[in-house]
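For reference, the structure discussed in these notes is given below.
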Amino acid sequence: MSALFGVIAIPLGWIMKACYLLVKNYGIALILFTVIIRLILLPLNIKQQKSSARMAKLQPQLQKLQKKYANNKEKYQEEMMALYAKENASPTAGCLPMLITMLVLFALIEVVYNPLYYVTNVNKDDLDNSNKLISNLYSVSYELSKDEDTEDNSFAKMLKTIESENAGISEDEKYEKLKSQLEDIEKIEKLELTDKQWDSVISAIKLHNDIDTGFMLDEDYITPSLAKSRPALLNFSFLNKAGGKYADVIDIVDDSGKLRETIDDFDYTFFGIKLESFPKWNGFSKDSLLVLVPVLSFVFQLIMTFVSQYFTRKNNPSAADAMGGMKIMLYIMPIFSLIITFNFPVGLGIYWVMSSVVGLGQTVFLNMVYTPEHVEELIKKEDAKRKKSGKKSFMERALEAQQQGLEGRKNTSDDDADDDEEETEEKKLSKAELKELQRKKLNEARKRMAEKYGDEYKED
């Protein structure tokens with residue numbers, strides 16, 4: 001599935017890149033991109049709205065059929081299919097637009113989470129290597145800090161112990177021993193880093209012995225969820241956090257400096273806000289204002305939920321009542337957005353806010369313009385056009401296939417019944433009568449074969 005998202009993300013990345021090249025600011029490009037994607041998906045949303053309106057219109061008739069054939073499920077299925085065919089409706093018609101929309105939205109998240117990959121012309125191999133270095137460096141730092149078998153739970157402490165125990169040791173030997181000791185830690189060993197990956201990690205430690213305690217494990221700069229799942233965004237943190245002290249770590253995977261230059265030139269801001277910053281409350285300070293982003297994301301998602309419920313009750317009361325206890329599921333998305341935006345850089349939170357605002361506007365637009373009355377008019381025009389063309393709907397074809405299947409089963413049942421009846425009659429005959437009957441059947445078979453091949457037939 002992730003491969004599918006990657007394929008869909010490629011053309012979305014082209015759109016995002018075009019937006020960035022137009023405005024030269026990622027925050028504004030993100031807003032433009034969100035609006036464009038929502039407009040692209042609008043026809044699918046309209047199609048889904050029409051499908052929902054068709055099904056809502058049929059609910060009273062479906063309920064009558066359900067009561068009428070409560071004890072005959074097969075007959076209920078037949079009548080339900082006939083009704084769908086007559087009204088050109090399908091209970092699954094709205095699923096395909098919804099599925100396509102979800103695929104696009106998940107692929108869209110891939111683009112938003114990885115702007116360097118999709119928007120810049122950075123060398124993709126260098127970027128991948130940088131991402132792996134960040135992820136591996138974090139994992140090694142974290143597992144060392146949690147190791148209970150040693151008091152030297154930082155790179156600096158381990159190096160100091162190695163120096164005190166090995167007088168006159170060279171720099172290369174010192175870091176080789178550090179690598180060996182780190183590999184002996186069980187949980188670090190399970191990371192299964194390659195020699196090349198270890199070389200990168202050790203190179204980063206050589207540059208900054210305090211990179212674990214001073215940067216990698218500081219949640220003002222890096223969060224565990226981001227380091228493990230989306231390390232690409234942390235490239236910005238290396239350049240812009242801690243006064244840029246650790247920016248040279250990026251050069252480990254690209255000594256030409258082009259990767260760092262590309263990241264540095266990329267305007268990853270939004271009205272002065274650095275989008276790699278994390279929303280965190282630090283008292284009454286300017287930085288603490290970033291917590292408003294997750295709060296706004298939650299609020300707008302919640303408003304969209306209430307608005308959707310309002311229109312559902314207004315346009316289709318029976319469907320709203322049928323949801324019952326399922327309504328609680330509508331509140332999962334607002335809560336989910338709140339958790340996500342608190343654990344990722346503020347840039348992603350701004351995307352969630354914008355997506356909710358645009359989605360809210362789209363929901364109001366669809367329900368105000370495509371009212372049940374308007375949709376019914378459109379449906380009538382579509383049905384008239386289809387009937388004029390002579391094309392059969394999907395449900396009409398499905399109904400015909402079902403009827404043919406039923407007729408086939410009925411004919412088979414009739415043949416079986418005839419055979420059973422014949423067998424019953426044969427059991428009542430005497431041996432002589434049964435022998436005579438078999439002789440007649442054999443002669444009839446021979447006669448048919450002779451007629452078929454033009455031979456002369458003589459009865460025994």
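Filtering 54, 38 for residues that are basic (Lys, Arg), in a helix (DSSP H, G or I), within 20 Å of the chain's Cα centre (by Cα) and on the phi < 0 side of the Ramachandran plot leaves a single hit, 38. Evaluation of residue 77 against the conditions (1) surrounded by fewer than 16 Cβ atoms within 10 Å (Cβ to Cβ); (2) assigned to a helix (DSSP H, G or I); (3) under 27 Å from the mean Cα position of the chain (by Cα) shows that the sole unmet condition is (3). Here residue 265 meets each of (1) closer than 20 Å to residue 122 by Cα; (2) buried (at least 19 other Cβ atoms within 10 Å of the Cβ); (3) free of Cβ contacts under 8 Å to residues at least 40 places away in the same chain; (4) of a type in the set (D, E, K, R) with one exception, condition (2). Only one entry in 143, 87, 148, 79 is in the same structural domain as residue 260 (by TED's automatic domain parsing) and either among the hydrophobic types (A, V, I, L, M, F, W, C) or more than 30 Å from residue 236 (Cβ to Cβ) (or both), namely 148.
Restricting attention to the range 182-203, which residues are under 17 Å from residue 153 (Cα atoms) and surrounded by 17 or more Cβ atoms within 10 Å (Cβ to Cβ)? Listed by number, the residues that qualify are 182, 185, 188, 201, 202.
Residues that are among the hydrophobic types (A, V, I, L, M, F, W, C) and assigned to a helix (DSSP H, G or I) within the range 177-193 comprise 178, 182, 188, listed in sequence order. Residues in the range 166-177 that are within 12 Å of residue 155 (Cα to Cα) and out of contact with any helix residue (DSSP H, G or I) (no Cβ under 6 Å at 6 or more places or on another chain): 0 in all.
Scan 141, 145 and give me the residue that is modelled with pLDDT of 90 or more, in a helix (DSSP H, G or I) and surrounded by fewer than 20 Cβ atoms within 10 Å (Cβ to Cβ). Just a single option satisfies the conditions, and that option is 145.
Quick check: anything in the range 114-134 surrounded by 13 or more Cβ atoms within 10 Å (Cβ to Cβ), over 30 Å from residue 349 (Cα atoms) and within 30 Å of the chain's Cα centre (by Cα)? No - not one qualifying residue is present in the range 114-134.
Okay, residues lined up against (1) within 30 Å of residue 54 (Cα to Cα); (2) among the β-branched types (Val, Ile, Thr); (3) crowded, with 21+ Cβ neighbours inside 10 Å:
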residue	(1), (2), (3)
238	no, no, yes
257	no, no, no
279	no, no, yes
292	no, no, no
310	yes, no, no
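For first residues located in the range 109-137 and over 24 Å from residue 205 (Cβ atoms) and touching a residue at least 12 places away in the same chain (Cβ under 8 Å), partners that are among the aliphatic types (A, V, I, L, M) and not in a helix (DSSP H, G or I) and lie 6+ apart or on another chain with Cβ distances below 8 Å form the pairs 116/122. Of the helices (runs of 4 or more DSSP H) lying entirely inside the range 222-298, those containing at least 2 residues that are under 27 Å from residue 331 (Cα atoms) are 224-229. Total residues in the range 194-221 satisfying the condition of being within 15 Å of residue 138 (Cβ to Cβ) and in a loop (DSSP other than H, G, I, E, B): the figure is 7.
The values are calculated or read from the model by the stated rules, or taken from the named source; none is laboratory data. Quantities reported herein were computed from a predicted structural model and do not represent experimental measurements. All Cβ positions, even for glycine, are placed from backbone atoms using ideal geometry, and neighbour counts span all protein chains on display.
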